[in-house]
Every structure is written in structure tokens, then in C-alpha cells.
Amino acid sequence: MASDKKFKLCITMAGAVSAGGYTAGVLDYLLETLELWEQAKEKNRNLGVNHSNYDHSIPMHEVEIDVISGSSAGGISGTLTLLALADKDHKSYNKDNPNGENNIFYKSWVEMADDAESDTVEKLLGTKDLKQYGEVRSLLNTEAIEVIADKALSITNQRPMPRYASKSLDVILTTTNLRGLNFMVDFDGSGRSSSNGTVITNHGGFFRYKLNNDQFSPGIPDNEDALYYVLDFKKPEDMQYLKDATLSTAAFPIGLKSREITISKEYIKRYPKYLFGKTKGITPIIPEGDNYSFSSVDGGVINNEPYGIGLKVLKEKNQNHFRDDKYAVIMVDPFPNKDHDVEKTGSSITKIAGGLFKALRNQVMFNQDGILDALELNDRTKFLIEPIRKIEINGEWVRPKSDLASAPISGFAGFLNRDLREHDFQLGRKNCQTFLRYYFAVSEENIEARLCEQVVPKAKERFEFSLPPRDPNGKKFFPIIPDMRILKNFNEQVDVTNFGKDAKIELFPYPKISFVAFEKKYKKLIKQRIGKLTGGLIHNRFAAWLANTIVVKRKGYKFVRNALYNSLKENGLLNDN
């Protein structure tokens, strides 16, 4: 089959809160590079290998995105990737499009909900939601998130998937199901009574989508083993399904409101078989009715780095590719876990509480679906793109305390200012450029076996590189996705004539914000939000008024203010004297 000659790719994206702008920058550069390469290959195909204008420096192997998985902010970016691939009007952010026009990544993660009426912070601090619901559903008003989703989830000029995206592309968004799915475990093997059984509950889950085409019809597939839904972007209800799932995976607990999700009972009936296969003695307890509803919060609570489920699906679809190592997974993680602390927790009640939360969190991540598949990956089949920024201090290039401008306040800082998000978006593009050129590669001796094509000498001369860098006697590698902005990769010659500053991306200056100006603009709104939250939580009006007047607004604002100021200052983001 022709697809057996394609190198299969799984892109998986971790949660990142507002630092999703970094992930968006990575994806934007990745798709642009694939598109430039495809255009060059298509020109060669039309000319034919014997034509005088055929460019023999263009590698002609095929790379195909087959699975996209994401959690929280990574889930949002997964949905945006699907939309970008399907949108004929999508344009990459580059020197020719510096304002990110028709770029869903830039619009969603850099501009966010900013408009002429109010910016993203003002929307997050608004209080209309408290009056609308008559109860406190989240610390922040999620209107800003709704605005972003409404702008992003629409396509007016749909196109077929490009050659570098599979017709059977899967998009997987993780979720945390607060209701949970129950299963009866039969301990006597008879299956006649529940008296000898016990109920176990699963709270992790995922939404899995494909896009309709000549191979996949819209809706739930007839095959009872198929656990996915085929979207038709022309149907408003399908776009609503995708919106609900996307907002669900990003419903940061407490901070943003949970989402009420309703899905077909048929999907639920198929889910247990996916979990347990044909294991006997485990019976799903399926609620009555045609549909199943549950409260959903951030998918990152249970599965923040969903490479396991992404690889599990990729392996199910491509057994031969896994056998021959004709695949790879790229993990985009703005905040990869670097915690090596194995010290004892301590004995105080607060230490125990903190240690308990950390232990539960770590164990959930350890048990995530598909983790064993991820651990079995072979050499040069798994790759990580993480933020890397270097600054010069006393003549030496070193890593700063924080690579991302959005990192402070546990990743929420990016919501405060567009400049922080724009910096991280550009850093994502720069890091992806370096990754594709000098990391995402196969060794010279495995080129034909893994990429299914012979690479001619001119292509090797243009794109091959060595480790150590520029060492003619070093080990040679060939990029899996060649970057057309390169003239000669070995010694870092780039095509400035045709691509200008995009040929070698430079970092934006690390942004600085004025905390004085921030307080002047948002202090009143923060105190107002705190007051309304208190009123919503304390139902006695007099008590709420008294608490607000005497304590809550003042101390609450002081707490928020100090947390913001200290975190921004610690990360070098303030320009106040």
C-alpha cells in the first residue's frame, strides 16, 4: 500500500495554561515548513525527474501527521491544528504576514480575546457571569475563553487535507469526568449477581474525532469497535461538539468553569471495550437514556501529557510502521516535569496534605492510558520540543530562570499582557526551527529503511548535518522534515534571499510590563470581582457586605497583588524602578 511508504507522525501537546502561545508558535512553524516542502515536491512531481528544472536537492519521501493528541491548552492547540489543516485561507505567521492575518494560532493565542471594547484581562475580571448563573462557577469569568472559541471555530473555505496530513487523522482531546464511568468487577465468575462484586470508577477520558471525507462518513461509525466521531464542519451541531470538547479539556479547575458535556450512549457503550479489551468479569454500568451527561474539567488533571493515548492510537492504526520504526512522536511541552525531589514529605498536617496531593497527581500520571507503549519507544522515535532561551551574561550564553514570559503565576501570566504571549509564540517558532533542522532526524545508515526513499547525493549535501556540529568526521543525520529555508544545513547556510529574517528566526526582546500601569487599570476590577465572588459564596447579604467591607476586598486584593508582583519580578518581567 502507498500509505506504508509514508513516515507516520504523532503530535502530542501538554497543558500549559496561557503558555499555549508557545505551543501555537511551534505548530505554526511546523505546518508552514511541511507546506513549503510539499510545494517543492509538487513542483518536482509535475516536472518529472528527467526534466532539466527538476530540483534534485529536494527530498521526495512522505511524512504524514496521523494522530494529534492534546490536553488542556494542548487540547485547544490540537483543535486549532485540525482547523488550520482544513482551512484553505489559513496563512502562516512570517515576514509576509507579521500581524498573523488568517492565522488561527496567532489569533487565538496572541490576540486572545482582545478587542476594541475590552482586553482579555478585563473580560476575565468581568462579573456578568455571577449575575447570569446566580452562583459562583469559577474564580474568573470565562467570557474571554468563549470569545476566543467563537472566533476560532469556524471555516468558510474548507479544503481537503494536504498530503502531509492523513485522511484518517485522529484528534484526541483528554477530559476529566467528574461523574465517572462505573464498572462492576465480578469476583465469583458467575456473572449472576452483583453481591460478589465491587464497583470501580474511571474518571479519565477522551474525545476522539476524525474529519469526514470519501473514506469516513459523518457521525458515529457502524463498526462497534470504532471509538471516534466523524465531524462534518458544514453541520453547526458538529462544530458545537468540537467547541464543547475543546473548552472541556481546557476548563482549568476552579479558575475556569466546568463544562456540561452530553455524548451519545453508543460512545459510552464502546468505551469499556477500549479500556479492558475482551477481559471477562468486568461489566459496564451504563446509565439509562439515549445520551450520557457529565461535568467535565481540565483534561490535564488526570492526563496532562497525553503521549500514551496518542501512541496507542497510532500503533493501532500502523502496526507495520511500528515494527519497522517508520514513525515518530513529537511531544510539545511548555512545562516539562523536571522534579527530581524524592525527599521525605514531613510530618505536619500541611506537609502531609501537600504530599498527598502530589502523590495522587504523580500516580495518576504514572497510570495514564498507553504509558507502556510510550516506554517501549525505540531510538529516535520520540522527541520533545520544550522552551529553550539563552541570554548572554559576562560573555557566556546561559539559560535564564524562566524561558517563557507566560510562566509566572503557574502559567497564568500570559493572560495579563499580549507582549508576553507574542514573545512565547516567537520562541515556539524559533525552537521548532532548530528542532526540525538539528534534532528531528534519522541516522545516515537508516535513511532508506525508515523514510522509505533513497536520498540522492544533492539532497544529502543540502540537508545533512553532523554531531558534533560541523565535524566532517562526526556522525551524520538527515532531517525527517527538511526545511526549505536551508541552503546547506551542515554549516548553517540559510536562504535569506527568499525568506529574509524567517531563514534564521531571532528572539523578540524579553518583554517588560509596568506594574504601576497594571494596577491603575485593573485594581478596581480585581477588587470588584473579589467582592462579587464573596457575595456569591456567602448567601447572607448582610454577612457578605460586612465581610467585603471589613476584610475580603482589602486582604483579598493584597494577596492577589503581592502574588502577581512577586512572581513577575522574580522572572524579570517588570520595568518599574
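So here's what we get for this one:
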quantity: Residue count, region 485-529 (criterion: of a type outside the set (Lys, Arg) and farther than 30 Å from LEU139 by Cα); calculated: 21
quantity: Count - residues of region 392-421 that are in contact (Cβ under 8 Å) with a residue 24 or more places away in the chain, closer than 22 Å to ASN337 by Cβ and open to solvent by 80 Å² or more (accessible area, probe 1.4 Å); calculated: 2
quantity: Region 286-302 residues that are more than 20 Å from SER18 (Cβ to Cβ), paired with ones that are assigned to a helix (DSSP H, G or I) and open to solvent by 40 Å² or more (accessible area, probe 1.4 Å) (beta carbon under 8 Å, 6 or more apart); calculated: ILE286/LYS265; ILE286/LYS269; PRO287/LYS265; GLY289/LYS265; ASP290/LYS265; ASN291/LYS265; TYR292/LYS265; ILE302/VAL364
quantity: Selection status of ASN157, touching an Asp or Glu at 6+ places or on another chain (Cβ under 6 Å) and of a type in the set (S, T, N, Q); calculated: yes
quantity: Top-ranked residue of region 45-59 - restricted to ones that are touching a Phe, Trp or Tyr at 6+ places or on another chain (Cβ under 8 Å) and surrounded by fewer than 17 Cβ atoms within 10 Å (Cβ to Cβ), ranked as farthest from ILE447 (Cα to Cα); calculated: LEU47
quantity: Subset tally (residues that are touching a helix residue (DSSP H, G or I) at 6+ places or on another chain (Cβ under 8 Å) and either open to solvent by 20 Å² or more (accessible area, probe 1.4 Å) or within 21 Å of ASN157 (Cβ to Cβ) (or both)) for region 227-242; calculated: 5
quantity: Conditions (1) touching a residue at least 60 places away in the same chain (Cβ under 8 Å); (2) closer than 23 Å to GLY15 by Cα; (3) open to solvent by 50 Å² or more (accessible area, probe 1.4 Å): number failed by VAL313; calculated: (3)
quantity: Unique residue being surrounded by fewer than 19 Cβ atoms within 10 Å (Cβ to Cβ) and either in contact with a His (Cβ under 9 Å, 6 or more places away or on another chain) or β-branched (Val, Ile, Thr) (or both) when the list is THR127, THR79; calculated: THR127
quantity: Residue in region 206-219 that is on the phi > 0 side of the Ramachandran plot and open to solvent by less than 40 Å² (accessible area, probe 1.4 Å) present; calculated: yes
quantity: The lone exception for THR549 - which of (1) part of a helix (DSSP H, G or I); (2) under 24 Å from ILE391 (Cα atoms); (3) at pLDDT below 65 it fails; calculated: (2)
quantity: Count of region 477-502 residues which are assigned to a helix (DSSP H, G or I), buried (at least 18 other Cβ atoms within 10 Å of the Cβ) and more than 29 Å from the chain's Cα centre (by Cα); calculated: 0
quantity: Out of GLU117, GLU135, GLU62, GLU122, sole residue that is surrounded by fewer than 21 Cβ atoms within 10 Å (Cβ to Cβ) and modelled with pLDDT of 95 or more; calculated: GLU62
quantity: Residue in region 366-391 that is surrounded by the most Cβ atoms within 10 Å (Cβ to Cβ), counting only those that are at pLDDT 80 or above, hydrophobic (A, V, I, L, M, F, W, C) and closer than 13 Å to GLU305 by Cβ; calculated: ILE385
quantity: Within region 223-234, considering residues that are at pLDDT below 95 and charged (D, E, K, R), the one farthest from ASN291 (Cα to Cα); calculated: LYS234
quantity: Checklist (1) open to solvent by 10 Å² or more (accessible area, probe 1.4 Å); (2) more than 28 Å from LYS501 (Cβ to Cβ); (3) touching a helix residue (DSSP H, G or I) at 6+ places or on another chain (Cβ under 6 Å) applied to LYS95, failing item; calculated: (2)
quantity: Members of region 461-476 found to be open to solvent by less than 60 Å² (accessible area, probe 1.4 Å) and part of a helix (DSSP H, G or I), listed by number; calculated: ARG462, PHE463
quantity: Total residues in region 245-266, condition surrounded by fewer than 18 Cβ atoms within 10 Å (Cβ to Cβ) and at negative phi; calculated: 7
quantity: Filter pass, PHE559 being aromatic (Phe, Trp, Tyr), closer than 30 Å to ASP403 by Cβ and at pLDDT 95 or above; calculated: no
quantity: Residue ranges of helices (runs of 4 or more DSSP H) in region 66-166 with at least 1 members β-branched (Val, Ile, Thr); calculated: 73-86, 120-125, 143-152
quantity: Strands (runs of 3 or more DSSP E) fully within region 249-347 counting 2 or more residues that are closer than 18 Å to ILE172 by Cα and at pLDDT 85 or above; calculated: 259-264, 291-297, 327-332
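Okay, residues lined up against (1) at pLDDT 85 or above; (2) part of a loop (DSSP other than H, G, I, E, B); (3) under 30 Å from LYS317 (Cβ atoms):
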| position | (1), (2), (3) |
| --- | --- |
| THR175 | yes, no, yes |
| SER190 | no, yes, no |
| THR201 | yes, no, yes |
| PHE206 | yes, no, yes |
| PHE216 | yes, yes, yes |
| PRO221 | yes, yes, yes |
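The values are calculated or read from the model by the stated rules, or taken from the named source; none is laboratory data. A quick note: this is a predicted structure, and the numbers were derived from the prediction, not measured. Quick reminder, even Gly has a Cβ in these numbers, built from the backbone with ideal geometry, and neighbours come from all protein chains shown. Side chains are part of the model used for accessible areas, which takes the heavy atoms of the whole protein and leaves out ligands, DNA and RNA. Shrake-Rupley method; radii C 1.70, N 1.55, O 1.52, S 1.80 Å.
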